[in-house]
1. Considering only the stretch 25-58, state which residues are within 16 Å of GLN87 (Cβ to Cβ) and in contact with a Leu (Cβ under 6 Å, 6 or more places away or on another chain).
2. Given the criteria acidic (Asp, Glu) and under 16 Å from the mean Cα position of the chain (by Cα), does ASP48 qualify?
3. Tally up the residues in the stretch 107-126 that are among the aliphatic types (A, V, I, L, M) and either farther than 23 Å from VAL33 by Cα or without any contact (Cβ under 8 Å) to a residue 40 or more places away in the chain (or both), please.
4. For residues in the stretch 12-45 being among the β-branched types (Val, Ile, Thr), closer than 17 Å to ILE104 by Cα and within 13 Å of the chain's Cα centre (by Cα), which is surrounded by the most Cβ atoms within 10 Å (Cβ to Cβ)?
5. Restricted to the stretch 79-126, and to residues that are in a loop (DSSP other than H, G, I, E, B) and among the β-branched types (Val, Ile, Thr), which residue is farthest from LEU66 (Cα to Cα)?
6. Name, by its number, the condition in (1) in a strand (DSSP E or B); (2) touching a Ser or Thr at 6+ places or on another chain (Cβ under 9 Å) that does not hold for LEU50.
7. Which ones in the stretch 58-68 are out of contact with any Asp or Glu (no Cβ under 8 Å at 6 or more places or on another chain) and either buried (at least 16 other Cβ atoms within 10 Å of the Cβ) or under 29 Å from PRO124 (Cβ atoms) (or both)?
8. Considering only the stretch 46-57, state which residues are surrounded by fewer than 16 Cβ atoms within 10 Å (Cβ to Cβ) and not small (Gly, Ala, Ser).
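Values quoted throughout were computed directly from the atomic coordinates according to the rules given, and no laboratory measurement underlies them. Fair warning: this is a prediction, and the values are worked out from it, not measured in the lab. Methodologically, a virtual Cβ is constructed for each residue, glycine included, from the backbone with ideal geometry; neighbour enumeration extends over all protein chains shown.
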Amino acid sequence: MADNVGALLNEVGNILARDAGYPLERTFLYVEVEPQVVSASIFKDLGDHLLYRFATSALNHVLTELWEAEPPKKRWTAMRYVVDGDQFTTSFTFDKLDPEVSTITRRQVILNQRYGNKQVVYPPIR
């Protein structure tokens, strides 16, 4: 199973690299998963601001596979995936997420911890 997890984490990076409009370097991915729900947020650190990028269905599919690769009692609730140079690091949260706190609020807390008050630029709503 560990080999499969490693391959899936590499595939996450490969999918993130397909966003050719912006460099892969300094990409931050925050994910929350629960049964039937994947919430993935991609941020490109462009120096003076962060650029939000939409997750693709391919990325959501691989994230679901990654989550399901773990035994049900050992599944993570959130993942941070950071691309630095040609390497990535991941960290996982296994605690239950507080249902009284929204994903958006949790994500903003994590962005503030990581980047301070750096502005996030969101694309126009389609």
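1. Within the stretch 25-58, just THR27 meets the criteria.
2. no
3. Total meeting the criteria: 3.
4. Of everything passing the filter in the stretch 12-45, VAL31 is surrounded by the most Cβ atoms within 10 Å (Cβ to Cβ).
5. ILE125
6. Only one criterion is unmet by LEU50, namely (2).
7. Within the stretch 58-68, ALA58, LEU59, ASN60, HIS61, LEU63, THR64, LEU66, TRP67 meet the criteria.
8. LEU46, ASP48, HIS49, TYR52, PHE54, THR56
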